[in-house]
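The structure appears below as structure tokens.
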Amino acid sequence: MRNCWLLLLGCLAASCGGNFSNDDLEFLNALPTREDLASELPGSNGTVGEGVLRRRTDALAVGEPSKLYRDTREASDTFNNGMDGLLTLLEEIRELPPTTREPELRVWGPWPAPEHPGHEVRFAMKREPERFIYLLQYRTRGAGEEGWWSALEGTFQPDGGLRKGTGAVRLLVKETKAHGFDVGGLANLDLLEIVYQTRALPITVRMRFVPAAPRTASEILYAYRELPGGLGEMGFLLEDTDILPGTRKEDLAIISRWTKDRGGVGLISVTGGDVLAGFTATQVECWDASFRVTYLKRSWETAEVGSASACPDVSALEQP
């Protein structure tokens, strides 16, 4: 998905270096970092095999690979891939001083857009009394100021210290497609939105994928929270999944919580399909540091697998 983020890498590599002022750094500190936003699920970024909760999982024993962990890993990797291009762009921006400085404005560019011949690109940041606004913009070469249009827009409101506050980034896929740009793997979307807060613990990040109209699929939502010491949480939805005995498929709302080195705990809430109308079935699954099942309990079965005492303590993440 990296190439779909309309990167400035070619432009930045050809630009001149220089020094940063203290005021420049105030602008740059308003941009999110990979450390701020990326999911840090242990064992993430590996190759994920066959989707595991898209088929029924009738038998599972202590010591077997955790299917719920694998779904969580897939969600975490999708989450991180969704913002990878943005974070790469911002990392490149931080390497270069702005080409234009005004008291409340910084601009990088304009430069020729190597991936879009005949166009120019710039990255602009404006400081307002309570927030920063930044834009990734394009225009046809030779057009005036009114010719700029935005492919990405972001905001950040500082609160409480260095890079502490609330922010949002929106990749305007619909508008970008309307200007004839190829967005690659994002072609089936109208919008990709990231909202985050770093002012207080736990750090929270929410990502929303809005499908293109006419919409044949639902919005896809991911929510991530993080505490110091490697405690993390990922919430996501798997639709049309066959998990219960029967012929119909269910929807799974999943919350997975994990520790840095003692495994994790996942809760699945199952609705629709073969679940009686108005009811919710549940599954609790725990895994160890090797991502193998230590405990499993399904509300539609009487037997438990393993012992709940083997589940790690993730209670610090149970508070909203």
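The values are calculated or read from the model by the stated rules, or taken from the named source; none is laboratory data. Since this is a predicted model, take the numbers as computed values, not measurements. As a convention, Cβ positions derive from the backbone with ideal geometry for all residues, glycine included, and neighbour counts pool all protein chains shown. Calculation scope for accessible area: heavy atoms of the full protein, side chains included, ligands and nucleic acids excluded. Shrake-Rupley method; radii C 1.70, N 1.55, O 1.52, S 1.80 Å.
Taking the convex hull of the alpha carbon atoms in region 189-320, what volume per residue do you get, in Å³?
Enclosed volume per residue, from the Cα hull, is 136 Å³.
Going Cα to Cα from Lys177, which lysines come in below 30 Å? Please leave out same-chain ones fewer than 8 positions away. Within the straight-line limit of under 30 Å, Lys177 reaches these lysines: Lys126. Using a/c under 1.5 as the rounded threshold, could you call the chain rounded, prolate or oblate? The axes a ≥ b ≥ c are square roots of the C-alpha gyration tensor eigenvalues, and prolate needs a/b larger than b/c, oblate otherwise. Prolate, because a/c is 1.5 or more and a/b exceeds b/c. Cross-link candidates for Lys67: which lysines have Cα within less than 23 Å, leaving aside residues fewer than 8 places away along the same chain? Answer for Lys67, where 23 Å is the Cα cut-off: Lys249, Lys260, Lys297, listed by chain and number.
Solvent-accessible area of region 177-242 (1.4 angstrom probe, protein heavy atoms only): carbon and sulfur portion equals 54 percent.
Of all alpha-carbon pairs in region 78-201, indicate the percentage at a distance above 16 angstrom. The partial results should precede the final answer.
Working: 5125 of 7626 pairs.
So the portion of pairs separated by more than 16 Å is 67 percent.
Legend: residues Arg225, Arg208, sorted from most to least accessible area (1.4 Å probe; ligands, DNA and RNA excluded), read Arg208, Arg225.
D by Stokes-Einstein for region 206-262, Kirkwood Rh over Cα pairs, 20 °C, 1.002 mPa s: 157 µm²/s. Over all projection directions, the Cα-based convex hull of region 256-320 averages an area of 5.4 nm². Counted residue by residue at 0.36 nm each, then reduced by the alpha carbon distance between them, the extension gain from Trp300 to Glu146 reaches 49.3 nm.
Note on exposure: Ser218, Ser269, Ser39 ranked by accessible area (1.4 Å probe, complete protein assembly) read Ser218, Ser269, Ser39, with the most exposed listed first.
How much length would be gained if the chain were fully extended between Ser218 and Leu267, taking 0.36 nm per residue of separation minus their Cα-Cα distance, in nm to one decimal? Walk me through the intermediate numbers first.
Working: separation 49, 0.36 × 49 = 17.64 nm, distance 2.18 nm.
Full extension of this stretch gives 15.5 nm more.
Could you pull out which residues in region 220-245 have an amide N less than 11 Å from a spot 7 Å beyond the Cα of Lys164, following the Cα-Cβ vector? The answer is none, because no backbone nitrogen lies closer than 11 Å to the label point. Residue order by solvent-accessible surface for Leu135, Leu238, Leu267 is Leu267, Leu135, Leu238, largest first, with ligands and nucleic acids left out and a 1.4 Å probe.
Heavy atoms of the protein chains alone define the surface here; on that basis region 169-320 has 50 Å² accessible area per residue at 1.4 Å probe size.
Let me check against my output: what whole-number percent is the relative contact order of the chain, with C-alpha pairs under 8 Å and at least 6 apart? With pairs under 8 Å counted, the relative contact order is 15 percent. With a Förster radius of 41 Å applied to the beta-carbon distance between Glu64 and Thr100, the computed FRET efficiency rounds to 0.10.
Taking the accessible area of region 92-150, probe 1.4 Å, and keeping the other protein chains in place, the carbon and sulfur fraction comes to 51%.
Based on alpha-carbon atoms only, what is the radius of gyration of region 98-162 relative to the globular estimate 2.2 N^0.38 Å? If you can, show how the numbers build up before the last one.
Details: Rg = 13.3 Å, N = 65, 2.2 N^0.38 = 10.7 Å.
The reported ratio for this selection is 1.24.
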